[in-house]
1. Restricting to DSSP H runs of at least four residues, report the calculated mean residue ellipticity at 222 nm for the chain, -39500 (n - 2.57) per run over all residues, nearest 500 deg cm²/dmol.
2. Using a Gaussian network model of the chain whose springs link C-alpha atoms within less than 10 Å, name the residue from D84, D15, D34 with the highest mean-square fluctuation.
3. Pick from V98, V36, V90 the residue whose mean-square fluctuation is largest in a GNM of the chain, springs joining Cα atoms under 10 Å.
4. Below 13 Å Cα-Cα, how many Lys pairs turn up in the chain? Only count pairs eight or more apart in sequence, or on different chains, if you could.
5. Which residues' amide hydrogens lie under 5 Å from the amide hydrogen of T62, considering only partners 5 or more residues apart or on another chain, with H built in the peptide plane?
6. Per residue, how big is the convex hull of the chain when only Cα atoms are used? Give it in Å³.
7. Which of these, T69, T77, T100, has the largest mean-square fluctuation under a Gaussian network model of the chain (Cα springs below 10 Å)?
8. Using 0.36 nm times the number of residues separating K6 and E38, minus their current alpha carbon distance, what extension gain do you get?
Amino acid sequence: GLFYEKYLKQIHLNDVSVQFSKMNLSYLLKEQYDPVFERQVQSSQVVTLNDVRSDRLAKGNTYRIIYHTKDNYKKITKALGLMDDFKAGVPRTGYKGVITFFYGGLRIFLSPGNNWKGYNPSWS
């Protein structure tokens, strides 16, 4: 239906074999991944929704849009064509409240403010 057309239609199965069992994936362990992820998010340039949509931002950099409320989050996701739903207060594809996505070739983190205290189940 509409959900498929809007969000899933462009997803395709990988057609290249990857031997994950032969790769060193230790960088994905929580104690190694979290500090790197948090540094990436915090070091990204804070921008506005209008900045992202204006096509003025340099490719190759990372950017961060900060949200503070559920309504603010939903407004941003709707404007960028992202899924805006929550389960148990966790935004879809979120990790530590951060949604990582690409928009027009830009890597963007949609991130809660620095005072984030954890997921809020009432946001579901």
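The values are calculated or read from the model by the stated rules, or taken from the named source; none is laboratory data. Every value quoted in this text rests on a predicted model; they were computed, and no experiment measured them. Ligands, DNA and RNA are stripped out before the accessible areas are found, and what is left, the full protein with its side chains, is counted by its heavy atoms. Shrake-Rupley method; radii C 1.70, N 1.55, O 1.52, S 1.80 Å.
1. -7000 deg cm²/dmol
2. D15
3. Between V98, V36, V90, it is V36 that shows the largest mean-square fluctuation.
4. 5
5. Residues meeting the amide H criterion: Q45.
6. Values: hull volume 19.4 nm³, N = 124.
Convex hull of Cα atoms, per residue: 156 Å³.
7. So, out of T69, T77, T100, the one fluctuating most is T69.
8. On the way: separation 32, 0.36 × 32 = 11.52 nm, distance 3.00 nm.
Computed gain between K6 and E38 is 8.5 nm.
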